[in-house]
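Below is one structure, written out as structure tokens; the observations come after it.
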RNA sequence: CGGGGUGUAGCACAGCCUGGUAGUGCGCCUGGUUUGGGACCAGGAAGUCGUAGGUUCGAAUCCUAUCACCCCGACCA
């Protein structure tokens, strides 16, 4: 056998985590950088993950009473100016459209050049988020309390001119969903904010196998223009935190900015209370960093574009026909099954390639279950089954019918196993910290390498900034979990505190 | 936008110091032998050496500028 790396991906996570991440994205054929800086080409395997995420979340939004709509990509500049904090927050990362036509000119070499022309009287920005333009629509749509609540979601692309793009994690253009709702009362809006955060947390735990902490952002980390920002935070394998989704209570800020008013039950004209909430293609990056290993991607079955790959083993030409027939027969049986609400996706990989090459390709792509079927299996009525959450050589030989019977439970077992593994990882690197010395040591000491520090806090925004400057550590959230509610002393200021909160380095 | 690094075939790289017109491994194509594991043999295709300018008889190599990408930081989903 030729000499091979021990692992399919190099460098390994241990050796160089950022490089490893990029190699996984490439090896799994998820996406690539495009010629436009900061923008990515999402390839079929990566887009397949997004389609599943989209489809499953969309159902959850529908189940909670929301409807989809679509709003323009281009937003009049003046709209962004309407809400001061919002404008300030997004001003530094907006792409601006200033012209609406091109004119052909010849340069010195006689080559045709296209030059922008037709300057717009008012520039447009490409949406970095849609609060303002959706607000303008809501203002038209809402007249009476009977029009409320207004529960709208949009699946769209947005653009934020990022300094340092990374595939999926931070790209200039990304795909997301943004929910926007308007309510009659503050309490209803608060409830909506909370409810949708819960939807996100459920989705991430059950569909993405990501243990997440739900909580509230500190004032420093709040969405520009929001009264309150709730979030779900996950830990990935370099022990950094990543914000996987946010839900904002916007108060009446945007209602006032966009003049969204209604006549209430008592006849008075009032401003609505709004919320917004979103998750993006960043979740794909989060799934990669949370679950992938040194052999490539490891997909949570629920979002795997293909659940099961069947690899026919054809030693001699005479075996081709019976083996392929058996493989297709097995595929047909599996395809009749439903995993949660989705039909099983099964692929028979009958490409004329060396078996080992094909096998490793699917390992790198993270397919949950691989099944080999060859002449010896036909005789015995069995198959060889390999799970992606186990080693590449950890093969189980099962009677074919048993395998079909167990397929769904095996997928669920993989799904649950990934969750448990990620949870155990997070628990291992979540540490209660009570002194400033211990806190600084936790994040500075090479050996401890950090993680989540849960600590009492009563500091100011300036104190928070100072910690960020020293350690690149920020408050990830004020967790809702009641186990963190306890009396104590702030590790930084020594003042009394009634809650431990989560600190970490983050993406 | 600051600090560091890298641009040579699809991918990973060597060659650059000491200029002479491009190489290795993997991948790809063809034929054959193979096939329960990223196999082997033979043949083959593929690079304006990031771009532009300069020095030189001659530049991947030296000089200048510029662009892109990566890492760290600031900003952020």
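We did not get these values from a lab; they are worked out from the coordinates using the rules stated. What you see is a predicted model; the values in this text were computed from it and never measured.
Between the Cα long axis of helix A:317-335 and the first principal axis of chain A there is an angle of about 40°, rounded to the nearest 10.
The long axis of helix A:400-428 is offset from the longest Cα principal axis of chain A by roughly 50 degrees.
Convex hull over the alpha-carbon atoms of segment A:430-504: what's its volume per residue in Å³? Show your work: numbers first, answer last.
On the way: hull volume 5.6 nm³, N = 75.
Once divided by residue count, the hull of segment A:430-504 is 75 Å³.
For segment A:430-504, the antiparallel share of DSSP beta bridges with both residues in that region comes to about 70%.
Our summary of shape: the Cα atoms of chain A have principal axis extents of 81, 69, 59 Å, ordered from largest down, in whole angstrom.
Working from Cα pairs under 8 Å separated by at least six residues, relative contact order for chain A is 14 percent. Computed on segment A:57-192, with alpha-carbon pairs under 8 angstrom and 6+ residues apart, the relative contact order is 25 percent.
For helix A:131-141, what angle does its Cα long axis make with the longest principal axis of chain A, in degrees from 0 to 90 and rounded to 10? On a 0 to 90 degree scale, this one is about 70.
Taking only the alpha carbons of segment A:303-419, we obtain Rg and Dmax values of 13.4, 44 Å in that order.
How large is the Rg to Rh ratio of segment A:384-455 when both quantities use alpha carbon positions and Rh follows Kirkwood? Before the final figure, lay out the partial values.
On the way: Rg = 19.7 Å, Rh = 15.3 Å.
Over the Cα atoms of segment A:384-455, Rg/Rh equals 1.29.
Considering helices alone, the calculated mean residue ellipticity of chain A at 222 nm is -11000 deg cm²/dmol, with DSSP H runs of length four and up weighted by -39500 (n - 2.57) and normalised per residue. Of the beta bridges in segment A:303-419, as assigned by DSSP with both residues counted there, near 60 percent are antiparallel. Note on chain A: antiparallel DSSP beta bridges, both residues inside, total approximately 85 percent of the bridges counted. Between segment A:395-431 and segment A:144-161, the alpha-carbon centres lie 37 Å apart.
Want the number for residue A:97 to residue A:67: 0.36 nm per residue separation, take away the alpha-carbon distance, what's left? It would help to have the intermediate numbers written out before the result.
On the way: separation 30, 0.36 × 30 = 10.80 nm, distance 2.96 nm.
Fully extending the segment from residue A:97 to residue A:67 adds 7.8 nm.
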